[in-house]
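Student: Here it is, the structure in full.
The values are calculated or read from the model by the stated rules, or taken from the named source; none is laboratory data. No experiment lies behind these values; they were computed from the predicted model shown. Note that we place each Cβ from the backbone using ideal geometry, even for glycine, and neighbour counts take in every protein chain shown. Calculation scope for accessible area: heavy atoms of the full protein, side chains included, ligands and nucleic acids excluded. Shrake-Rupley method; radii C 1.70, N 1.55, O 1.52, S 1.80 Å.
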Amino acid sequence: MVDVRTVQTLEKSEATAVIVGMFDGRRPSPGSRKVLAAVGDWADRALEASGFTGKAGSTAVLPVPGGDRRVVAVGLGDEVDLESLRQAAAVGYRAVPDTDVVATTLHRVELDGAMGAVLDGVDLGAYRFDRYRSSAEARPELVLELLGSAKGRSAAATRSSTITGAVRWVRDLVNEPSVDKPPASIAARVMEMAAAAGVDAEVWDVDRLRTERMGGILGVGLGSDRPPCLVHLRYAPERPAARLALVGKGIVFDTGGISIKPAERMEEMKGDMAGAAAVLAATIAVARLGLAVEVSTYAALAENMPSGTAQRPGDVVTTRNGKTIEVINTDAEGRLVLADALALAAESNPDLIVDLATLTGACKVALGPRIAGVFGSADEVVDRIVTAARSAGERVWPLPTPRDHRSMIDSDVADMKNTGGGRYGGAIAAALLLAEFPGNVPWAHLDIAGPAFAEKAEHYIPKGGTGFGVRTLVELAEMMAESRTP
Ligand code: BES
Ligand code: ZN
Ligand code: ZN
């Protein structure tokens with residue numbers, strides 16, 4: 001979390017680093033010329049001598065003589081939008097990562113929402129996960145001083161910190177080793193968080209999952225000593241403009257089960273609950289922001305383990321809506337748990353269901369590691385997600401859900417099978433299975449197997465859990481609340 005303050009002039013600042021923006025040709029962004037003048041006329045020449053031109057994403061760090069203050073120039077390129085500003089703020093902070101009090105002028109860039117973007121960038125860029133290092137010291141809360149006028153600071157700071165707080169929560173949970181996050185433990189933490197945010201919460205344990213006929217979640221959970229569960233959150237404001245349902249894949253570890261995965265990079269499968277974490281955190285954020293949209297959220301939590309009690313290839317599960325699935329490959333477990341949760345979400349007939357899931361390696365192959373695939377029951381639904389993601393600064397790209405390919409998942413013994421298409425079209429085969437469960441409710445599916453987990457850090461995205469999806473979901477909820485249906 002960042003403590004945001006307004007400071008009128010550099011003289012009154014306590015910052016040991018001052019981040020200023022510069023466009024191509026070293027043109028200072030609003031307020032930045034004054035900062036450079038205040039540190040001394042050597043600054044311009046030093047910047048030039050360092051080879052810094054203002055290229056987007058570049059930085060130059062100048063120590064101010066006779067003190068412990070540094071000026072960080074951040075390149076803004078030819079022009080900025082909210083996303084490049086968010087990135088610039090993060091890159092600026094990360095050039096001086098051990099600074100506890102930072103000042104900036106970046107919020108004065110002439111763009112609607114500039115302040116929020118700068119706050120997002122600094123807070124998300126400052127994220128670290130050192131809970132499991134014996135050497136980790138408690139760091140003081142980062143102070144960010146906005147230099148000069150900062151109109152609307154309080155509203156921007158509230159919105160930004162609510163959303164970045166949710167993103168950080170997801171990153172923490174994704175990065176946390178699976179040994180410490182069995183389904184029941186995640187559920188307990190969510191219950192606490194929901195109570196604090198005024199959100200109704202309920203957990204279905206194994207007994208309840210049985211009486212509720214949730215055969216997909218139960219099947220996947222069979223192999224683990226740590227039982228599966230389903231978390232349901234409901235945020236119901238007075239007079240909502242729309243009703244949104246969210247569904248998340250929450251596999252706390254995916255070994256593949258009996259169809260076990262190769263050892264290489266299997267540790268990344270601790271992040272196979274990123275979809276569930278994102279929908280849970282987004283729901284809490286929407287409630288904290290008091291948005292006029294009802295949100296009903298279903299997180300399907302289970303651990304996919306091989307054992308003497310594990311589900312086998314060839315087994316058939318009966319899902320919530322009565323449809324049966326033949327389990328060809330126990331590693332295609334996400335769609336089994338989502339089948340139940342989607343069917344359940346559809347029962348209350350919301351205006352829209354959106355699911356998030358680290359579902360297929362195939363989607364990562366198709367779009368690369370940084371872009372999520374988005375599927376849907378209709379083009380209009382996909383368009384809404386694309387629009388929300390674009391304004392939130394998250395990258396998604398539409399992929400088809402061709403109903404005439406349904407034979408890909410035809411089973412010899414059940415209503416469908418959980419894999420299909422052989423080596424090809426794996427993300428589509430998965431989406432076609434999911435499409436059997438939302439009934440007639442408009443539905444979108446985000447396959448976040450790529451962007452949920454970063455192999456390397458860049459701008460405000462750290463290595464490891466990214467918190468992908470939270471910002472898109474909150475943006476979507478805002479659009480629905482204002483009925484800005486794009
Ligand atoms: N959790 C994985 C998908 C995944 C892969 C997420 C890489 C993040 C990074 C999923 O459960 C899975 O194993 N899918 C299989 C499906 C296959 C067996 C049809 C896959 O993608 O290989
Ligand atoms: Zn799997
Ligand atoms: Zn999985």
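Student: Pull out a ≥ b ≥ c, the square roots of the eigenvalues of the alpha-carbon gyration tensor of region 25-107, then state rounded if a/c is under 1.5, prolate if not and a/b is larger than b/c, and oblate in the remaining case.
Tutor: The shape class here is oblate.
Student: Among the aspartates and glutamates, which fall within straight-line cross-link reach of Lys456, defined as a Cα-Cα distance under 16 Å, with same-chain neighbours fewer than 8 residues apart omitted?
Tutor: In chain and number order, the partners are Glu267, Glu268.
Student: For the chain, what does the relative contact order come out to in percent, with C-alpha contacts under 8 Å and a separation of six or more?
Tutor: On the way: 1180 pairs, mean separation 72.9, N = 486.
So the answer I get is 15 percent.
Student: Moving on to the next point. As a test question: what accessible area, to the nearest 10 Å², does Ser134 have when a 1.4 Å probe is rolled over all protein chains in place?
Tutor: 130 Å²
Student: May I ask for the net charge around Ala263, where only other residues with Cβ less than 15 Å from the Cβ of Ala263 are counted and Lys, Arg are +1 while Asp, Glu are -1?
Tutor: Taking every Cβ under 15 Å from that of Ala263, the sum is -2.
Student: Here's something else I'd like to know. Among all the aspartates and glutamates, which ones have a C-alpha under 17 Å from Lys417's C-alpha, if same-chain residues fewer than 8 places away are not counted?
Tutor: Once the sequence-local aspartates and glutamates are set aside, what remains near Lys417 is Asp315, Glu326, Asp331, Glu333, Asp340, Asp404, Glu436.
Student: Less than 27 Å apart at the alpha-carbon level, and either on another chain or at least 8 residues along: which lysines does that give for Lys151?
Tutor: Counting by Cα, and skipping residues close in sequence, Lys151 has these lysines nearby: Lys12, Lys34.
Student: Let me ask you something else. How would Met416, Met269 rank on accessible area, largest to smallest, probe 1.4 Å? Intermediate values should be presented prior to the final figure.
Tutor: Working: Met416 0, Met269 50 Å².
Sorted descending by solvent-accessible area, the residues read Met269, Met416.
Student: Rounded to the nearest 0.05, what FRET efficiency is calculated for Val206 and Glu14 with R0 set to 41 Å and r the Cβ-Cβ distance?
Tutor: Values: r = 54 Å, r/R0 = 1.32.
The calculated FRET efficiency here is 0.15.
Student: Semi-axes of the equivalent ellipsoid of region 428-471: what are they in whole Å, largest first, if each equals the square root of 5 times a C-alpha gyration tensor eigenvalue?
Tutor: Values: eigenvalues 171, 27, 6 Å².
Taking √(5λ) for each Cα gyration eigenvalue gives 29, 12, 6 Å.
Student: Below 8 Å, C-alpha to C-alpha, sequence gap of six or more: please give me the relative contact order for region 270-347 in percent. Walk me through the intermediate numbers first.
Tutor: Values: 57 pairs, mean separation 20.1, N = 78.
About 26 percent, as a whole number.
Student: Can you tell me how the chain classifies by the Cα gyration tensor, rounded, prolate or oblate, using a/c under 1.5 as the rounded cut?
Tutor: Prolate, since a/c reaches 1.5 and a/b exceeds b/c.
Student: Mean residue ellipticity at 222 nm from the helices of the chain, using -39,500 (n - 2.57) per DSSP H segment of n ≥ 4 over the full residue count, to the nearest 500 deg cm²/dmol?
Tutor: Values: 14 runs with 164 residues, N = 486.
Rounded to the nearest 500, it is -10500 deg cm²/dmol.
Student: Over region 2-147, consider all pairs of different Cα atoms and compute the Kirkwood hydrodynamic radius from their mean reciprocal separation; express it in Å, one decimal. Provide the component values of the computation, followed by the final result.
Tutor: Details: mean 1/r = 0.0659 Å⁻¹.
That comes to 15.2 Å for region 2-147.
Student: What are the ³J(HN,Hα) values, in whole Hz, obtained from phi via the Karplus relation 6.51 cos²θ - 1.76 cosθ + 1.60 with θ = phi - 60°, for each residue of region 210-227 in sequence order, with x given for Gly and Pro?
Tutor: 5, 5, 8, 6, 9, x, x, 5, 4, x, 5, x, 4, x, 9, 6, 9, x
Student: Pairs of Cα atoms under 8 Å, at least six residues apart: use those to get the relative contact order of region 353-486, whole percent. Let's see the in-between values first.
Tutor: Working: 226 pairs, mean separation 51.5, N = 134.
Relative contact order here is 38 percent.
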